[in-house]
Amino acid sequence: MSELFYDAAPNATRVAPERPKVRNYPDKPPEVTLFGTCVMDLFFPEAGLDAIRLLEREGIRVHFPQEQSCCGQPAWTSGYVKEAREVALAQLNLLDNGRPVVVPSGSCAGMFRQHYREVFADEPETLKRVEDLAERTFELTEFLLHVCQVQWQDLGEPTQIALHTSCSARREMNTHLHARQLLGKLEKVERLEHDHESECCGFGGTFSVRMPEVAGAMVQDKTRSLMDSGAVEMVTADGGCLMNINGSLEKQEVAFRGRHLASFLWERVSGEKAS
Amino acid sequence: MSARNNILNRLRTSLAGTEPRPDDFNETLVTEPWQYTPDSRIQRLRALMEAVQTEVHQLPGEQWPAKVQALLESRNLSNVLYAPGTDHGQKLAEHWQAHGARQDLVAYDRPVEAWKEELFWEVDASVTGTVGGIAATGSLVLWPDRHEPRLMSLLPPLHIALLKASEIEDNLYAIMQKQNWSAGLPTNLLLVSGPSKTADIEQVLAYGAHGPKELVVLILEDQ
Amino acid sequence: MSQRIPVTELENSFRGRASEALADSQLRTNFRTAMDSLMRKRADAFSDPDEREDLRELGNHIKARALSKLPDLLEQLETRLTKNGVKVHWAETTEEANQIVHGIIEAKKGSQVVKGKSMVSEEMEMNDYLAERHIECLESDMGEYIVQLDGEKPSHIIMPAIHKNRHQVARLFHDKLGVEETDDVNELIRIGRRTLRKKFMEADVGVSGVNFAIAETGTLLLVENEGNGRMSTTAPPVHVAVTGIEKVVENLRDVVPLVSLLTRSALGQPITTYVNLISGPRKPDELDGPEEVHLVLLDNGRTRAFADAQMRQTLNCIRCGACMNHCPVYTRVGGHTYGEVYPGPIGKIVTPHMVGLKQVPDHPSASSLCGACGEVCPVKIPIPELLQRLRQENVKSPKEHPKVKDGGAKYSRTERAVWRLWAGLNTSPTIYRLFLWGATRFGKLTPKNVGPWTQNHSAPVPARRSLHDLARDHLGSQGTKGGRS
């Protein structure tokens, strides 16, 4: 495990890392890289495009390297370290240019910021680059809120929505706070609380296929509480959760749906129908 | 002793080349959030204990034996266990004699084996002292000894505890330091924070699981 | 609920037991209600987040310090306890521990044992061991008593009978004790009190666990609400405490934050009704208390976990149960699904060192890694990180020398090959784009049933154009280069 977290001696008794301090945000940069994530790439590409538009609207030039693929999280959480490391290294090489990286999915951003340290724990040289990447990685809502400090005019009709945040992202990245604050800037949007809001939706990557019965019970409960909230739709900034929740809703043959926060935000502030 | 040596050897092998961690115990973390003025100290202890169904009375120090008598009267109990070798035990006995109280005074003056059946089933109430109280958690500190045995605060359905107002401390750490516990503990030191209770069935709180069903604390003001 | 794999195929696995539990709506309601209430109580008990976080950090440091000098502290504890008149025993296995306990009872010609709540005695399956030798070992914690009466195992480490509601307990008492069936919880507890008090009086030996063993003073600290722990350690002539070697702390003052963390995390109480500090047997002039006190220190895999600096953190655990109370998986499937003594997130990370991964191959993967457990752990055990580590050990091939007992339980050449392909796909931009090209063009051909995913979801249909495509169109070739520019 990384020396950044723990005592230097490899077999010394460990203590937990200190509480993360409040992150210092840089001024708005002229350019960023968007890391689209594999789930968004294949299943929610329009949301990725809306994220690009939201950034461009703030006067930022967005790069989308065509060589990008996946952050490596599926292999990492499944215990396949070597495979995770290979894929992670490919992204690290690609993003190794000092440019801020914006990720429209909390758990993938968390992978860059928190878990690459563990993935490359045995490689001190790589760890320096990992630290550098961690410092300039931002989840989309965090970036819009704290770096761009967006000031928006809400051009949409009054609506009520429920917000779901990925568990790992909320715990690693505070995404629930960022998303709530961003939504708070839209004066005609009311965010409704739902029952057990902080509870996992049951995705958990390969968990949902390894333990489909338990995961199914979790997503059933989640979709029910979202629908019971009275909201007309759910928004989330995490592709995995969105795929899980929408897939379940579709299977249940109900009309209620979730969509990516980027699409929702773009629609509200541009006045255009999202792509 | 081979199990002992095997275990210790394995642990030592695993720690080879490492240093013990320093003692960075920060006492402010367990004291600062739990500090009170003398008045609020009593208020807090009362509030916390009452929240777990403890009956608390505050009274001038010399009045407690009469209060004990009244508590037994009102519950229509027929006997009370006391510790004759303690100061408060003697005071209780004197009061009983002077006022001709009708409840039997039962002295805990022989080993438990000599009267187990009676002690387990026939005693209605007990009176014990305490060596202090803790405001932060609403607790009494009991220091049983040969004069005031352990079972006195456990077996009777009603336990009446005497607590001097001046001996209520802010928090556990404070009383531990003040009384220098680490220099020598009794066979069985106890913190008691209410009557015995359980929530093992549906998390419904029920009092009187195995110990006292009722705890009455008499806070004695200085005379 | 959507269709499930037939239970018969899965009966003896985590998935099989989970399926059964999920189908039991009464069980699910019992757990959800109880866990919700425990979560609320804990949140109320830690109303100041800064205080809570400071205390968790202190708790973590105290446990880490104790572990960093564990062998020395165990020796110090032994020396102190011996000086105080307590006999200390060491056991590497649960079998050895049972033999020691049995030997103590035999020496006293004892036939009746009452037991305060002790998870280590559950590890030992002490009740069964003694019963086979014609010694009655009766649980005296109300929840444990209920569970024992029904021939079950605890489903929660703090609330053993939480899977039952009052009606189920009423029926059980009626059937086993011959009392009138009553739904009044107070009456049910009165029945238990009456029955057990007789046992406390008659018992030859009392057995208990230990929450913290204090090396400085040679003291065993026990927390409880019911008084059964005090009964078991005070009324019988002999007291035998059984505990894991990780329960030792260095100084008396160390227990101040630890007890606070324990009772607030477990039950949301500022403190338990009783905090019982035992430092020796009855002194010659004392009138009650056991004449003999024994402590059995059990290893049972703990030195194995200790050998790995990352896994050593499992030994921080103070057995509060907060991780299971907050676990979305535990809440839905209950404790019995885990099939082992310790359920929930903590069970998943401590059990493999005791019984080996082969016996619990699905434990590490039965988690969405949501992180709730790690967030509430009062001694900051990084439970999700340790689960992830166990997953690594679980899929290692024999050649990779797994470091956890019976590691490689889930090693599969096929699965490894799939991940190799996945890595190939995601490290080669050409292959990845080829894959996107195929997926977006032929996405409509996705079959309706794609394995376990479609148990709960509609089949995932890829978009017609990938984000790679959309971004290239939108940004033009300028915005598409990565790497050092």
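A 1.4 Å probe over all protein chains sorts C:T430, C:T263 by accessible area into C:T430, C:T263, starting with the largest.
Amide H contacts of B:D104: B:N79, B:V80, each under 5 Å away and 5 or more positions distant or on a separate chain (H built 1.01 Å from N in the peptide plane; Pro and chain starts excluded). Other protein chain C-beta atoms within 10 Å of residue C-beta, averaged over A:86-92: 4.
Shown for chain B: lysine pairs separated by 8 or more places, or found on different chains, whose C-alpha atoms are under 18 Å apart, numbering 5. Neighbouring Cβ atoms from other chains, within 10 Å of the Cβ of residues in C:198-206, number 2 on average.
Each principal axis of the Cα atoms in the protein assembly as shown has its own extent, and those three values, largest first, are 103, 60, 55 angstrom. With all protein chains kept in place, the per residue accessible area of the protein assembly as shown amounts to 37 square angstrom at a probe of 1.4 angstrom.
Using a Förster radius of 30 Å, what is the FRET efficiency between A:Y25 and A:T159 based on their Cβ-Cβ separation? Nearest 0.05, please. Calculated value: 0.55. Per-residue SASA remark: C:D72, around 80 Å² accessible (1.4 Å probe; ligands, DNA and RNA not included).
Principal-axis analysis of the Cα atoms of chain B puts helix B:2-15 at an angle of about 60° to the longest axis. Sparsely packed loop sites in the stretch A:8-109 (the trypsin sites (Lys or Arg not before Pro) outside DSSP H, G, I, E and B with at most 11 other Cβ atoms within 10 Å) comprise A:K21. Charges were assigned to the Cβ only: +1 to each Lys and Arg, -1 to each Asp and Glu. The resulting dipole of the stretch A:152-270 about its Cα centre is roughly 280 debye. Karplus-derived 3J(HN,Hα) values for the stretch A:209-223, using 6.51 cos²θ - 1.76 cosθ + 1.60 with θ = phi - 60°, are 9, 7, 10, x, 5, 5, 4, x, 4, 5, 6, 4, 4, 5, 5 Hz; glycine and proline are entered as x.
When shorter helices are ignored and each DSSP H run of at least 4 residues is given -39500 (n - 2.57), the per-residue value for the protein assembly as shown at 222 nm works out to -13000 deg cm²/dmol.
I'd like the projected area of the stretch C:187-236, averaged over all directions, using the convex hull of its alpha carbons. Report it in nm² with one decimal. Spelled out: convex hull of the Cα atoms, projected over all directions, averaged, 3.9 nm².
Assuming 1.002 mPa s and 20 °C, estimate D for the stretch C:415-480 with Stokes-Einstein, Rh taken as the Kirkwood radius over Cα pairs, in µm²/s. The estimated diffusion coefficient comes to 156 µm²/s.
Across peptide B:132-139, the average count of Cβ atoms from other chains found within 10 Å of a residue's Cβ is 3. Near C:V207, the amide H atoms lying under 5 Å from its own belong to C:V114, C:K115, C:G116, C:V240; only residues 5 or more places off or on other chains count, and H is placed 1.01 Å from N. Computed from the C-beta positions of B:R75 and B:Q43, the FRET efficiency with R₀ = 30 Å rounds to 0.70.
Using 0.36 nm per residue and subtracting the Cα-Cα separation, the extra length available between C:R433 and C:E180 on full extension is 83.8 nm. In this label model, B:Q90 and B:A183 are separated by 2.5 nm, measuring between points 7 Å along each Cα→Cβ vector. For C:E292, the accessible surface of its heavy atoms amounts to roughly 50 Å² (probe 1.4 Å, protein chains only, rounded to the nearest 10). For C:K69, the lysines whose Cα comes closer than 18 Å to its Cα, not counting residues fewer than 8 places off in the same chain, are C:K247.
Note on C:E136 and C:R420: with the Förster distance fixed at 60 Å, the Cβ-Cβ geometry gives a FRET efficiency of about 0.55.
Helix A:175-184 versus the longest principal axis of chain A: what is the Cα-based angle in degrees, 0 to 90, to the nearest 10? Approximately 30 degrees, to the nearest ten.
For the pair C:N12 and C:R40 in one chain, pulling the backbone fully straight at 0.36 nm per residue adds 6.7 nm over the alpha carbon distance. About its Cα centre, the dipole of the protein assembly as shown is roughly 2920 debye, where the only charges are +1 on Lys and Arg Cβ and -1 on Asp and Glu Cβ.
The contact between chain A and chain C removes approximately 7500 Å² from the accessible area (both sides summed; 1.4 Å probe; ligands, DNA and RNA excluded). Straight-line reach from A:K188: taking Cα to Cα under 14 Å and skipping same-chain neighbours fewer than 8 places apart, the aspartates and glutamates in range are A:D154, A:E157, A:E267.
Taking label positions 7 Å along the Cα-Cβ direction at both C:K109 and C:H167, the computed distance is 5.0 nm, reported to one decimal.
Measuring with a 1.4 angstrom probe and ignoring ligands and nucleic acids, C:I157 comes out at about 10 Å² accessible. Partners of C:K448 within straight-line reach, counting aspartates and glutamates whose Cα lies under 13 Å from its Cα and excluding those fewer than 8 residues away in the same chain: A:E250. Could you size up the charge dipole of the stretch C:65-300 around its Cα centre, putting +1 on the beta carbon of Lys and Arg and -1 on that of Asp and Glu, and report it in debye to the nearest 20? It works out to roughly 660 debye. Under the classification rounded if a/c is under 1.5, otherwise prolate if a/b is larger than b/c and oblate if not, where does the stretch B:37-221 fall, given a ≥ b ≥ c as square roots of the Cα gyration tensor eigenvalues? The shape class here is rounded. Both radii were evaluated on the Cα set of chain C; the Rg over Rh quotient, with Rh as the Kirkwood radius, amounts to 1.04. Residue separation of C:E291 and C:T79 scaled by 0.36 nm, minus their Cα-Cα distance, works out to 74.4 nm of gained length. Kirkwood's formula applied to the C-alpha pairs of the stretch A:152-270 gives a hydrodynamic radius of 14.5 angstrom. Scanning residues 5 or more positions from C:G244 or on other chains, those with amide H under 5 Å from its amide H are C:L298, with H placed 1.01 Å from N in the peptide plane.
The B and C chains share an interface that buries close to 7800 Å² of accessible area, total over both sides, probe 1.4 Å. Largest accessible area first, the listed residues C:E224, A:E190, C:E216 line up as A:E190, C:E216, C:E224 when surface is computed with a 1.4 Å probe on the assembled protein chains. Each of B:H88, B:H159 has its accessible area taken with a 1.4 Å probe; listed largest first, they run B:H88, B:H159. Once neighbouring chains are kept in place and the probe is 1.4 Å, which whole percent of the accessible area of the stretch C:33-155 is contributed by carbon and sulfur? C and S atoms contribute 45 percent here.
Along the charge dipole of the stretch B:37-221, which of B:L119, B:G100, B:W64 sits closest to the positive end, that is, farthest toward it, with unit charges on the beta carbon of Lys, Arg, Asp and Glu (+1, +1, -1, -1)? The residue sitting most towards the positive pole is B:W64.
The values are calculated or read from the model by the stated rules, or taken from the named source; none is laboratory data. Not measured: the values here are computed from a predicted model. Don't worry about glycine lacking a Cβ; one is built from the backbone with ideal geometry, like all the others, and counts go over all protein chains shown. Just the protein is used for accessible areas: all its heavy atoms, side chains included, with ligands, DNA and RNA removed. Shrake-Rupley method; radii C 1.70, N 1.55, O 1.52, S 1.80 Å.
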